[in-house]
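Step one of this worksheet: look at the structure below.
Read-outs: derived from the displayed coordinates by stated rules, not from any lab. Not measured: the values here are computed from a predicted model. Here the Cβ positions follow ideal geometry from the backbone for every residue, glycine too, while neighbour counts run over all protein chains shown.
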Amino acid sequence: MVAVPYPGRSHINPLMNLCKILASKNKDILITFVVTEEWLDFIGSDPKPDNILFASIPNVISSELVRAADITSFFEAILTKLEAPFVQHLDRLELPVTVIIHDTMLFWVVGVGNWRNIPVASFWPMSASMFSTIQHFAADKGVYIFPVLVYY
């Protein structure tokens with residue numbers, strides 16, 4: 001299993017908590033938690049179960065410490081620059097990936113999973129009302145920012 005959070009504390013912590021719960025339920029599950037090198041420096045020493053491994057991808061986005069200065073560019077980089085290093089990381093894994101758990105804000109992960117025939121589970125760390133608000137606001141503008149795939 002691979003988990004990939006949106007690179008922000010309010011997204012990383014909830015996904016890590018979910019991974020810790022999953023890891024505690026089955027000791028045979030191996031979870032690789034993928035973050036940027038900067039985030040690995042921030043959280044790498046945090047306690048975690050033995051069946052959760054940290055992995056890093058290069059810092060292809062601006063630092064957490066300065067991202068607020070240009071949040072639009074930061075978000076654009078997340079949508080355009082994180083995918084390639086993530087795919088390269090998947091190529092280096094020894095064990096096959098059985099599922100990818102991703103932060104819903106990382107839209108491109110669904111495409112990666114589909115391309116590699118890996119099931120993808122989307123994780124939304126905020127309240128359902130926030131998700132609904134964002135969806136409705138975007139839909140009012142004719143934009144659907146969280147595409148939904150329907151299988152029959």
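What is the distance, in nm, between label points placed 7 Å from the Cα along the Cα-to-Cβ direction at residue 124 and at residue 69?
Simple spin-label model gives 3.4 nm for this pair.
Would you calculate a helix-derived [θ] at 222 nm for the chain, using -39,500 (n - 2.57) for each DSSP H run of n ≥ 4 and dividing by the full residue count, to the nearest 500?
Only helices count here, giving -13500 deg cm²/dmol.
Sort 81-91, 39-49 by the packing proxy (mean of other Cβ within 10 Å over each peptide's residues), most packed first.
Top of the packing list down: 81-91, 39-49.
Treating only the Cβ atoms of Lys and Arg (+1) and Asp and Glu (-1) as charged, compute the dipole magnitude of segment 1-146 about its Cα centre; round to the nearest 20 debye.
340
Work from the charge dipole of segment 1-41 (Cβ charges, +1 for Lys and Arg, -1 for Asp and Glu, about the Cα centre) and give the residue of 26, 4, 40 farthest towards its positive end.
Result: 26, furthest along the dipole toward the positive end.
When only C-alpha pairs under 8 Å and at least 6 residues apart count, what is the relative contact order of the chain, in percent?
23
For the chain, what mean projected area does the convex hull of the alpha carbons give, in nm²?
10.3
Applying 1/(1 + (r/R0)^6) with R0 = 30 Å to the Cβ-Cβ distance of residue 114 and residue 45, what FRET efficiency is obtained, to the nearest 0.05? Please report the intermediate quantities before stating the final value.
Values: r = 35 Å, r/R0 = 1.17.
So, using R0 = 30 Å, E works out to roughly 0.30.
Count charges around residue 10 for me, please; just the other residues with Cβ under 12 Å from its Cβ, Lys/Arg as +1, Asp/Glu as -1.
-1
Would any residue of segment 53-80 have its amide N under 17 Å from a label point 7 Å out along Cα→Cβ of residue 93? List them or say none.
53-58
Within segment 43-69, what residues put their amide N at less than 20 Å from the label point 7 Å along the Cα-to-Cβ vector of residue 37?
43-46, 54-67
Out of 130, 105, 16, any idea which swings most in a Gaussian network model of the chain, alpha carbons joined below 10 Å?
Most flexible of the set in this elastic network: 130.
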